[in-house]
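Visitor: Here's a structure for you.
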Amino acid sequence: MGINKSAYRRYTIIDRCFNHQLKKYWTKKEILKALNEADFVLSPSMLEKDFYNMKNEKDLPFQNAPIEYCHKKKAYYYTREFSISIPVDDEDIRLLGIAAITLNQYRGIEYFNQFSGAIDKVIRFVKEAKKAHMTDQVPFILFEKAPHLRGHEFLDPIIEAIENKKCLDITYKKFDLELSPSTVIHPYFVKEYHNRWYVIGLNDQKNELRTYALDRVQDISLSANQYVSNTFNNPDDYFRDCIGINLEDRKIESVVLHFSPKQGNYIKTQHLHWSQKIVTDDSDGLVISLKLIINHEFKMIILSYGDDVKVLEPKSLVEQIFNISQRVAKLYK
């Protein structure tokens with residue numbers, strides 16, 4: 001018997017429910033609602049038939065889905081770790097290729113930079129599928145996980161909470177402090193900077209926006225608190241006046257930097273910040289002005305250019321970079 005694609009789509013939705021990172025047990029009503037949101041209208045008896053097929057059907061690319069009923073919870077769940085594979089035929093491969101090529105056009109746009117790795121993986125998958133002459137179906141797409149990116153496993157439940165307007169209870173540990181008590185946040189948006197992910201949301205207790213690094217989150221779960229929608233900030237504007245994620249006291253300052261002629265060529269082709277303007281550009285080098293928050297990330301960028309950059313203004317930043325450079329120099333004496 002061939003695979004019914006409509007049925008298989010239902011199975012993937014059911015599988016997604018049972019693999020939810022924040023919810024293990026699902027009632028029939030909850031699963032039927034998830035199916036209905038994907039335009040599948042099923043009766044309870046039809047859902048039971050899908051359960052039976054997922055557990056017993058031999059012609060599926062997966063076998064023995066461990067679906068059981070918990071009488072205590074009055075809900076269904078997976079009794080062990082399990083996930084079904086998604087069949088991909090020639091037409092799917094063709095469409096994936098078109099989608100990857102289309103997305104690839106936007107690689108240079110800042111918003112899409114965070115997805116460039118995923119786009120590359122899809123492109124590689126399509127190439128390998130075509131190379132192997134897979135005419136029937138590819139059992140699954142397996143994306144490599146980078147083991148050094150701690151906290152990225154929280155990204156999906158956070159995004160899901162944002163989409164569904166749910167509060168989160170997080171346990172957070174700063175690098176220089178002991179484990180903090182759990183905190184309820186109203187998550188609004190996430191941001192990636194230098195391969196680290198952050199969630200920005202309203203701290204329920206302090207009633208102010210806070211930024212939390214996912215690599216310092218120890219645990220996360222849904223909270224029953226009433227969600228407060230974001231009426232405070234536009235995500236595109238929140239970090240507009242800084243580089244990175246530290247807003248300090250939100251004081252915007254005028255900065256003037258002098259770059260060597262060689263380094264100046266790179267600065268002209270890739271701006272440090274949207275506010276960057278050229279003051280002078282000649283044989284002595286490039287002088288630019290910026291208007292932004294002077295935070296830790298910005299100072300680290302300045303220091304990364306070594307002797308190819310000199311801070312001209314403001315005086316306070318000149319002194320800070322000088323003092324840091326002096327301390328660095330002492331390490332090598």
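Table: residues versus (1) surrounded by 14 or more Cβ atoms within 10 Å (Cβ to Cβ); (2) in contact (Cβ under 8 Å) with a residue 40 or more places away in the chain; (3) among the hydrophobic types (A, V, I, L, M, F, W, C).
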position: 215; (1), (2), (3): yes, yes, no
position: 224; (1), (2), (3): no, yes, yes
position: 239; (1), (2), (3): yes, yes, yes
position: 246; (1), (2), (3): yes, yes, no
position: 257; (1), (2), (3): yes, yes, yes
position: 262; (1), (2), (3): no, yes, no
position: 269; (1), (2), (3): no, no, no
position: 273; (1), (2), (3): yes, no, no
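Visitor: Being closer than 21 Å to residue 200 by Cβ, of a type in the set (A, V, I, L, M) and in contact with a Lys or Arg (Cβ under 9 Å, 6 or more places away or on another chain) narrows it down to one of 288, 278, 245, so name that one.
Guide: Working: 288 fails: closer than 21 Å to residue 200 by Cβ; 278 fails: closer than 21 Å to residue 200 by Cβ.
Among 288, 278, 245, only 245 is closer than 21 Å to residue 200 by Cβ, of a type in the set (A, V, I, L, M) and in contact with a Lys or Arg (Cβ under 9 Å, 6 or more places away or on another chain).
Visitor: Still on this structure, I have one more. Return only the number of the condition from (1) closer than 26 Å to residue 197 by Cα; (2) in contact with a His (Cβ under 7 Å, 6 or more places away or on another chain) that residue 301 does not satisfy.
Guide: The one condition residue 301 does not meet is (2).
Visitor: May I ask you to list pairs of residues, at least six apart or on different chains, whose Cβ atoms are under 7 Å apart, with the first in the stretch 7-22 being in contact (Cβ under 8 Å) with a residue 12 or more places away in the chain and of a type outside the set (S, T, N, Q) and the second being exposed (fewer than 15 other Cβ atoms within 10 Å of the Cβ) and part of a loop (DSSP other than H, G, I, E, B)?
Guide: 13/38; 15/83
Visitor: May I ask you to list pairs of residues, at least six apart or on different chains, whose Cβ atoms are under 7 Å apart, with the first in the stretch 160-188 being over 15 Å from residue 210 (Cα atoms) and surrounded by 11 or more Cβ atoms within 10 Å (Cβ to Cβ) and the second being modelled with pLDDT under 85 and of a type in the set (Lys, Arg)?
Guide: Close Cβ pairs satisfying both conditions: 179/173.
Visitor: On to the next question. In the stretch 66-90, which residues are at pLDDT below 90 and surrounded by fewer than 12 Cβ atoms within 10 Å (Cβ to Cβ)? Write out each step before concluding.
Guide: Keep residues of the stretch 66-90 that are at pLDDT below 90, which gives 81-90.
Answer for the stretch 66-90, where residues must be at pLDDT below 90 and surrounded by fewer than 12 Cβ atoms within 10 Å (Cβ to Cβ): just 81.
Residues are listed down the side, and each one gets a yes or a no for (1) assigned by TED's automatic domain parsing to the domain that holds residue 199; (2) among the aliphatic types (A, V, I, L, M); (3) not in a helix (DSSP H, G or I):
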residue: 221; (1), (2), (3): yes, no, yes
residue: 229; (1), (2), (3): yes, no, yes
residue: 233; (1), (2), (3): yes, no, yes
residue: 268; (1), (2), (3): no, no, no
residue: 274; (1), (2), (3): no, no, yes
residue: 280; (1), (2), (3): no, no, yes
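The values are calculated or read from the model by the stated rules, or taken from the named source; none is laboratory data. The structure displayed is predicted, hence computed values, not measured ones. Positions of Cβ are backbone-derived with ideal geometry, glycine not excepted, and every protein chain shown enters the neighbour counts.
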